[in-house]
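To start, the structure under review is shown below, and the notes come after it.
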Amino acid sequence: MHCKTANFTFLKIFRMRNFKLLLISVIKGINSFFELKESKRSRHIPFLASLCVGIPLFLGFYFENLEKGLLVSLGGLVILYYQPNLSFGSRMLTLLVCSLGFVFSLGIGLSFSFNPYVSAVVLGFFAMGIHLVTTYFKIKPPGNFFFIMIASMASCQRYNLEIIPEKIGFLFLGTMLACFLAFGHGWLTIKKGQTPEIFGIQIKKGKFVSLIDSIVIGIFIAISLLIGHLLEMQNPYWIPISCLAILQGISKQHVWERMLHRIVGTFIGIGLCWLLLLFCNTPLSVCITIFVLQYLVEVLIVKNYALAIIFITPMTILLAEIGSSFTANTEIIVSARFLDITIGSILGALGGWFIYNQRFKYKATQQLRKTSVMMRKK
């Protein structure tokens with residue numbers, strides 16, 4: 001009888017402790033919606049990012065070819081890998097290496113877009129490889145994100161072998177524009193006597209080099225794209241992109257916070273999008289709005305993820321409007337965007353549970369070590 005009472009008391013205390021931990025976690029999650037973090041990021045980066053995205057769009061509008069301008073602006077996003085704290089040569093070398101990575105990502109995505117199931121499998125292996133490389137060389141945020149995003153978007157485009165070189169060329173123009181602007185910025189802001197970091201890409205030594213994380217990311221990215229195709233989404237690539245954004249979390253708590261931020265921010269952002277669409281009814285007004293939104297996103301993304309998502313949502317919807325030349329039904333685009341982002345966020349949270357579950361990682365590591373030993377013996 002005494003033993004049963006003791007067990008009941010212990011169980012009650014255990015449940016109370018778990019409830020308190022859950023309550024603390026929820027409170028932290030709510031507080032994170034209103035928290036503005038300090039950032040050491042250069043104040044010039046948001047403006048540079050807006051120029052790299054905006055200039056191609058304005059040129060595309062001027063030459064009446066917004067589709068090509070959109071592709072060039074996608075390449076311009078490589079500016080987000082620009083690190084002003086490095087030496088001048090290291091800044092440019094980092095950008096050039098990432099530019100080649102952008103080109104390679106687009107080429108992989110376009111080359112295997114002939115079949116949705118093949119492209120999903122290839123994207124999974126590509127995501128796994130890219131995460132291994134970016135982790136091994138310790139590439140700073142945004143890390144693997146834009147490489148996988150470009151490959152995901154390209155894998156959902158209509159397959160046409162003849163125009164693949166042309167699309168790669170336009171993306172490359174965008175990366176070169178970013179490098180040119182970064183060169184000008186570096187030349188104007190470099191300070192004499194400053195001791196910069198040696199290089200932006202540093203090799204991380206280790207036996208498995210986050211192999212388990214890479215496998216989990218690859219599997220969930222492939223599943224996300226496959227679900228998008230099975231549900232016959234208009235733009236299925238938004239599911240793996242949303243999934244990947246959640247997987248960028250640095251801890252289990254951070255992953256859950258990012259999921260909530262992305263879903264709530266998307267919901268509010270859709271409301272903002274409706275307001276913007278009342279005024280942005282011409283290609284030029286959309287280009288100007290995207291330029292401003294890109295600046296706001298880059299200012300907020302390092303301070304508050306939820307606030308940034310509020311502006312990312314209308315920006316991506318407006319980009320979709322540009323690509324469709326305002327012929328698509330806005331209601332369909334908005335509802336589909338909320339659905340695919342919600343699905344992707346939930347999948348990302350599930351993947352994050354595997355990545356930050358210590359028991360799972362321990363067992364997986366032990367299994368990899370056993371497999372490695374067995375292969376060496378053979």
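The values are calculated or read from the model by the stated rules, or taken from the named source; none is laboratory data. All of these numbers come straight from a predicted model, not from anything done at the bench. Note that each Cβ is placed from the backbone with ideal geometry, even for glycine, and that neighbours are counted across all protein chains shown.
Regarding Met128, is this residue at pLDDT 90 or above and buried (at least 19 other Cβ atoms within 10 Å of the Cβ)?
yes
Being surrounded by fewer than 21 Cβ atoms within 10 Å (Cβ to Cβ), part of a helix (DSSP H, G or I) and not hydrophobic (A, V, I, L, M, F, W, C) is the filter; apply it to segment 276-315 and report the residue that is nearest to the chain's Cα centre (by Cα).
Tyr295
Six or more apart or on different chains, Cβ atoms under 9 Å: show the pairs whose first residue is in segment 300-315 and without any contact (Cβ under 8 Å) to a residue 24 or more places away in the chain and whose second is part of a loop (DSSP other than H, G, I, E, B) and aliphatic (A, V, I, L, M).
Cβ pairs passing all conditions: Leu300/Leu36.
Given the condition in contact (Cβ under 8 Å) with a residue 12 or more places away in the chain, buried (at least 24 other Cβ atoms within 10 Å of the Cβ) and closer than 23 Å to Asn235 by Cβ, answer yes or no: does some residue in segment 91-100 qualify?
Within segment 91-100 (the criterion being in contact (Cβ under 8 Å) with a residue 12 or more places away in the chain, buried (at least 24 other Cβ atoms within 10 Å of the Cβ) and closer than 23 Å to Asn235 by Cβ), the answer is no, since none of the residues qualifies.
Determine whether Glu298 is modelled with pLDDT of 85 or more and charged (D, E, K, R).
Considered against the rule, which asks whether it is modelled with pLDDT of 85 or more and charged (D, E, K, R), Glu298 comes out as yes.
Kindly evaluate Gln253 against the criterion of being surrounded by fewer than 18 Cβ atoms within 10 Å (Cβ to Cβ) and assigned to a loop (DSSP other than H, G, I, E, B).
Taking the combined requirement at face value, the residue does not satisfy it.
Can you pull out the residues in segment 217-240 that are surrounded by fewer than 24 Cβ atoms within 10 Å (Cβ to Cβ) and in a helix (DSSP H, G or I)?
Once the filter is applied, which keeps residues that are surrounded by fewer than 24 Cβ atoms within 10 Å (Cβ to Cβ) and in a helix (DSSP H, G or I), segment 217-240 yields Gly218, Ile219, Ala222, Ile223, Leu226, Ile227, His229, Leu230.
(1) more than 17 Å from the chain's Cα centre (by Cα); (2) surrounded by fewer than 18 Cβ atoms within 10 Å (Cβ to Cβ); (3) touching a residue at least 12 places away in the same chain (Cβ under 8 Å): which one isn't true of Pro141, the others all being true?
(1)
Can you list residue pairs whose Cβ atoms sit under 6 Å apart, with the first residue in segment 263-282 being touching a residue at least 60 places away in the same chain (Cβ under 8 Å) and closer than 19 Å to Ala308 by Cα and the second being crowded, with 17+ Cβ neighbours inside 10 Å and among the basic types (Lys, Arg)? Count only pairs 6 or more apart in sequence or on different chains.
none
Among residues belonging to segment 59-90 that are of a type in the set (Phe, Trp, Tyr) and surrounded by fewer than 19 Cβ atoms within 10 Å (Cβ to Cβ), point out the one that is nearest to Met176 (Cα to Cα).
Here the residue is Phe88.
For segment 59-86, which positions are of a type in the set (Gly, Ala, Ser) and closer than 14 Å to His185 by Cβ?
Correct list: Gly76 only.
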